[in-house]
Amino acid sequence: MAPTPPTDAELNVLIRARLAALGIDLDQLSPGTTPDPETGSPGRDSVLASLRSFMRGTVAGLAAYQLPAAGNTDPRLAAALSQQRVPILYPATSTEWRK
C-alpha cells in the first residue's frame with residue numbers, strides 16, 4: 001500500500017516544529033496572505049503555503065536522489081554504493097590519526 005501524502009494541517013505542524021527548533025516563530029508574522037504594510041514581510045498563510053509547496057516538491061526530489069554508479073553496477077547495489085564516502089584528495093592526512 002502506497003503511503004498517503006500529508007495533509008496541509010500535518011505539513012503545517014511539521015513546518016512549525018522544524019522552524020521552532022531553529023528559533024523561528026511564524027506567529028510574529030501578520031495573519032493572512034497580505035504583506036505587512038510597514039515592514040513588507042509576507043503574511044503567515046502565504047509563508048506556510050510556500051513552505052508546503054517546497055516540502056511537497058523539492059524535498060521529495062532531494063530525498064530520492066542517488067549518486068550515479070558505474071554503468072555495469074548491479075542495480076541492487078547502486079543505492080548502497082551511493083552512500084560511500086567521497087574520495088579524499090590526500091588520504092594520508094585522514095589515515096595517520098587513526099593509527
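Each of Asp27, Asp8 has some number of other Cβ atoms within 10 Å of its Cβ, and from fewest to most they run Asp27, Asp8. On the basis of the beta-carbon distance and an R0 of 22 Å, Asp25 and Ala64 show a calculated FRET efficiency of 0.10.
No value in this document is a laboratory result; all are computed from the given coordinates. This is a predicted model, so every value here is computed, not measured. Ideal geometry is used to build each Cβ from the backbone, glycine not excepted, and the neighbour counts take in all protein chains shown.
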